[in-house]
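Asker: This is the structure, below, for whatever I ask next.
The values are calculated or read from the model by the stated rules, or taken from the named source; none is laboratory data. All values derive from a computational prediction rather than experimental measurement. Don't worry about glycine lacking a Cβ; one is built from the backbone with ideal geometry, like all the others, and counts go over all protein chains shown. Just the protein is used for accessible areas: all its heavy atoms, side chains included, with ligands, DNA and RNA removed. Shrake-Rupley method; radii C 1.70, N 1.55, O 1.52, S 1.80 Å.
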Amino acid sequence: MGTASSPSSQSASSESVLDCDVLVLGGGPAGTWAAFEAAAAGARVVLADKGFCGTSGATAPSGTSVWYVPPDAGRRHAAIVSREALGGHLADRSWSARVLDTTCQTLHLLGERGYPFPLDEAGAPIHVSLQGPEYMRLMRKLAKGAGVSIRDHSPALELLVDEAGAVAGARGIRRQLGDLWRVHAGAVVIATGGCAFLSRALGCTALTGDGHLMAAEVGADFSGMEFSNAYAIAADFASVTKTLFFKWATFTDEDGAVIPGAASNGGRSVIARHLGNGRVFARLDLADDAMRASMRTAQPNFFLPFDRMGIDPFSQRFPITLHLEGTVRGTGGLRIVDETCATRVPGLYAAGDAATRELICGGFTGGGSHNAAWAISSGRWAGRAAADFGRRVPSGGARRGAGTVGLRDAGARPFDPAAAARRVMGEVHPYERNYFRTEGRLTDALGRLDGQWAALSASAASDRNDVLRAREAAAMTAVARWMYRSALARTESRGMHRRMDHAGADPAQRHYLTSGGLDEVVVARRAAPALPADMASGVAA
Amino acid sequence: MIEIISAARCTGCNICVTACPTNVFAPVPGGAPRIARPDDCQTCFMCELYCPEDALYVAPTALAPQGLTEGDMPATTLLGSYRAAIGWTPATAANRAVDTMHRVLKGD
Ligand SMILES: Cc1cc2nc3c(=O)[nH]c(=O)nc-3n(C[C@H](O)[C@H](O)[C@H](O)COP(=O)(O)OP(=O)(O)OC[C@H]3O[C@@H](n4cnc5c(N)ncnc54)[C@H](O)[C@@H]3O)c2cc1C
Ligand code: SF4
Ligand code: SF4
């Protein structure tokens, strides 16, 4: 496509049409890094976000620790190896090394561009965490400064494909204006985040798996969807999840008795079991005065709900819950086929939580850090590759919308998005179905989810007021089916995937699971990288 | 959940209408925006950070509103408390570079 630095626009009937080299869907860390990188490579870039780029997504309202290790071969090796068992030995050392390298360089770049990293006693910046509001405000500014055209409140509804089946743009709605948009692009990056199934976890409302569905509709597939049952601890009245802080908690039952074995790490299932029978309380009384002060300035938003309820979380007990974070702090997502973060569909790339993170953390993300590092790294790689690809695609040519459910009339039955969403939530939120998985409960849930998909597929198209909600409900239904079908196929417990009827890891199942398909969901095995020599002995694979 | 827009403080700049990631507000010509879709609020507190007048109050409860109105406006120490804590007011700008997460991550 041309060399102009800004996207060119024209109007066609009721849709505004934009022409560019790279379209990025999603404006969280992954999307903004992808857009920044693509624009820096000379591409004309449009970024469309469902919400506001800068406040939307899982990072913006939160604080994130980042997997940052200085360029020291020994320390990096140790950092990589230390997490392998937790992830069920599915991570790939070469990908981990690439991510550490790119993340480190990028955090230094952020500092140069004005991110106010705290300083140590010697005056050197400390790079291990980023404050969400500050980070994402800066990312918006950097993307804009690089020439990216940002479209807020513009959720994508479907991808466009050319006659050869390559991805060639997307179509969506401008929800504050009530009209449609259409972007023709040489390449598209899916950076729409994970799927948290409308749980109340902080920053997760926009994350309904829309990009997963759009990508599946053009033939992309997934990996690791069984690693999708992350639950995080929060006060039961609040949205703010920060499991890390509960390391200093004492967990008690209704009567104030300490619950044996309950812990934020390694004892979360005990909490889940207790929540099945009654309330669980926490008090962060194990933190000393210095730690209490550090926690306050590390993450002020954690304390907002407590301060506003008049509760001192260090001295008073408060009821807690576990919010499902689904694939956001899970590791499954779109399968990428090479180091550029390309999917198997020409012209389509995936980055951040929308993509699988198994390559660097296997089946468990633990206390985070890896996801933020992955969003940065995969975003930059996908943006660069999409720019190279997108700029070579000739503009013009016929394009058709690839969307299915909710967009095309397939029957007379009306589509009730709120009811459909509630039904998916009922299948994936409950601990007894998703945390403690069994063949029987997964099969039952799949029967109902398959039925819902079939019903939605035979429904009428939604009108403009309902179409976003309809697509979100369809996406959550599809994601739940890839999740549970994968969970059924993995007859062992590995990473965060826990089968009550198959305790422990089975050495014969140290493989990846590919999943995909819409009307018919299929799951297949792929070999995991060979165990490194220093791991091959003594490891229960 | 978002519960109060103080008509007394709000200048009608509509920044919150744009900045809210879940599109909770609707602009009202010549006045303070309306909380048009409270059920979509994800209790993320971002609107408080972006409001230059500290005119918004997000109640701490994420599942149900507390039923506050402007008459129940909380103590002024809570209005804008988050914006001040992260260093987004002129008086507290030094807080931007205060991040003790590294101590929490190390600490045991
Ligand atoms: C409470 C919490 C704490 C966390 N803490 C940590 C941590 O300490 N360390 C760590 O590494 N990770 C952490 N994570 C995970 C981390 O936040 C994510 O990995 C990271 O945000 C991923 O970035 P992303 O850009 O892929 O997705 P997101 O930041 O979620 O952004 C996705 C974007 O896509 C947009 N979008 C969605 N659908 C559409 C659509 N149809 N059209 C257009 N746009 C769309 C959304 O509006 C959003 O802006 C945490 C997550 C949560 C929920
Ligand atoms: S940002 Fe604040 S001042 Fe501006 S319209 Fe919203 S509430 Fe009013
Ligand atoms: S708390 Fe978040 S979701 Fe709720 S109104 Fe404010 S910005 Fe919007």
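Asker: Specify which residue in the list A:Thr514, A:Ser369, A:Thr438 is farthest towards the positive end of the charge dipole of the protein assembly as shown, using unit charges on the beta carbon of Lys, Arg (+1) and Asp, Glu (-1), about the Cα centre.
Answerer: A:Thr514
Asker: Diagonalise the Cα gyration tensor of segment A:59-159 and give the resulting equivalent ellipsoid semi-axes, square root of 5 times each eigenvalue, largest first, whole Å.
Answerer: So the three semi-axes of segment A:59-159 are 28, 21, 13 Å.
Asker: With a 1.4 Å probe and every protein chain kept in, tell me what percent of the accessible surface of segment A:417-505 is carbon plus sulfur.
Answerer: The computed percentage sits at 51.
Asker: Per residue, how many Å² of accessible area does segment A:386-512 show with a 1.4 Å probe?
Answerer: Per-residue value: 41 Å².
Asker: Still on this structure: Report the one residue of A:Ile336, A:Leu359, A:Phe306 whose Cα lies farthest in the direction of the positive end of the charge dipole of segment A:261-363 (charges on C-beta: Lys and Arg +1, Asp and Glu -1; origin at the Cα centre).
Answerer: It is A:Phe306, whose Cα lies furthest towards the positive end.
Asker: Moving on. With runs of 4+ DSSP H residues as the only contributors, calculate the mean residue ellipticity of chain A at 222 nm using -39,500 (n - 2.57) per run, divided by the residue total and rounded to the nearest 500.
Answerer: Taking each H run of at least 4 residues, the total per residue is -10500 deg cm²/dmol.
Asker: Given a 1.4 Å probe, show me the residues in segment B:87-106 buried by at least 40 Å² of accessible surface when comparing the whole protein assembly to the chain alone.
Answerer: Buried by the other chains: B:Trp88, B:Arg96, B:Ala97, B:Asp99, B:Thr100, B:Met101, B:His102, B:Val104, B:Leu105.
Asker: Let me ask something else. When the accessible area of each residue in segment A:288-320 is compared between its chain alone and the complete protein assembly (1.4 Å probe; ligands, DNA and RNA ignored), which residues differ by at least 20 Å², being lower in the assembly?
Answerer: Residues meeting the cut-off: A:Met291, A:Ser294, A:Thr297, A:Ala298, A:Pro300, A:Asn301, A:Leu304, A:Pro305, A:Arg308, A:Met309.
Asker: With +1 on the Cβ of every Lys and Arg and -1 on the Cβ of every Asp and Glu, and nothing else charged, how large is the dipole of segment A:232-324 about its Cα centre, in debye rounded to the nearest 20?
Answerer: 280 debye
Asker: In percent, what relative contact order does segment A:417-505 have, based on Cα pairs under 8 Å that are 6 or more apart in sequence?
Answerer: 40 percent
Asker: Moving on. I need the Debye-formula profile for segment A:149-215: one equal scatterer per C-alpha, no solvent, reported as log10 I(q)/I(0) at q = 0.14, 0.24, 0.29 1/Å, two decimals.
Answerer: -0.47, -1.12, -1.29
Asker: Work from the charge dipole of chain B (Cβ charges, +1 for Lys and Arg, -1 for Asp and Glu, about the Cα centre) and give the residue of B:Thr100, B:Cys16, B:Thr61 farthest towards its positive end.
Answerer: Of the options given, the answer is B:Thr100.
Asker: While we're on this one: Cα convex hull of segment A:190-332: how many Å³ per residue?
Answerer: In segment A:190-332, the Cα hull volume divided by residue count equals 119 Å³.
Asker: Compute the relative contact order of segment A:232-324 as a whole-number percentage, counting only Cα pairs closer than 8 Å that sit 6 or more residues apart in sequence.
Answerer: Across segment A:232-324, relative contact order equals 38 percent.
Asker: Right, here's the next one. Counting only heavy atoms of the protein chains, get the accessible area per residue of segment A:232-324 (1.4 Å probe) and round it to a whole Å² value.
Answerer: I get 38 Å² per residue for segment A:232-324.
Asker: Still on this structure, I have one more. With just the Cα atoms of chain A, tell me how far they stretch along each of the three principal axes, in Å, largest first.
Answerer: For chain A, the Cα spread along each principal axis is 67, 60, 54 Å.
Asker: Relative contact order of chain B, please, whole-number percent, based on alpha carbon pairs below 8 angstrom and at least 6 residues apart.
Answerer: With pairs under 8 Å counted, the relative contact order is 28 percent.
Asker: Tell me which lysines have Cα within less than 30 Å of B:Lys106's Cα, excluding those fewer than 8 residues away on the same chain?
Answerer: Cα-Cα hits under 30 Å: A:Lys242, A:Lys247.
Asker: Could you give the length gained by full extension between A:His108 and A:Ser395, i.e. 0.36 nm per residue of separation minus their alpha carbon distance, to one decimal place?
Answerer: Stretched out fully, the A:His108 to A:Ser395 stretch lengthens by 99.6 nm.
Asker: Would you kindly state how much longer the chain becomes between A:Val522 and A:Glu15 on full extension, computed as 0.36 nm times their sequence separation minus their alpha carbon distance, in nm to one decimal?
Answerer: Residue separation times 0.36 nm, minus the Cα-Cα distance, leaves 178.9 nm.
Asker: Also, quick follow-up: Hey, if you drop one equal point scatterer on each alpha-carbon of segment A:426-541 and run the Debye formula without solvent, what base-10 log of I(q)/I(0) do you get at q = 0.11, 0.14 Å⁻¹?
Answerer: So the normalised log intensities are -0.46, -0.67.
Asker: Buried accessible area for the B:A pair, summed, 1.4 Å probe, in Å² rounded to 100?
Answerer: Answer for the B-A pair: about 4000 Å² buried.
Asker: While we're on this one: Roughly how many whole Å is it from the C-alpha centroid of segment A:148-221 to that of segment B:7-59?
Answerer: Between the Cα centres of segment A:148-221 and segment B:7-59 lies a distance of 25 Å.
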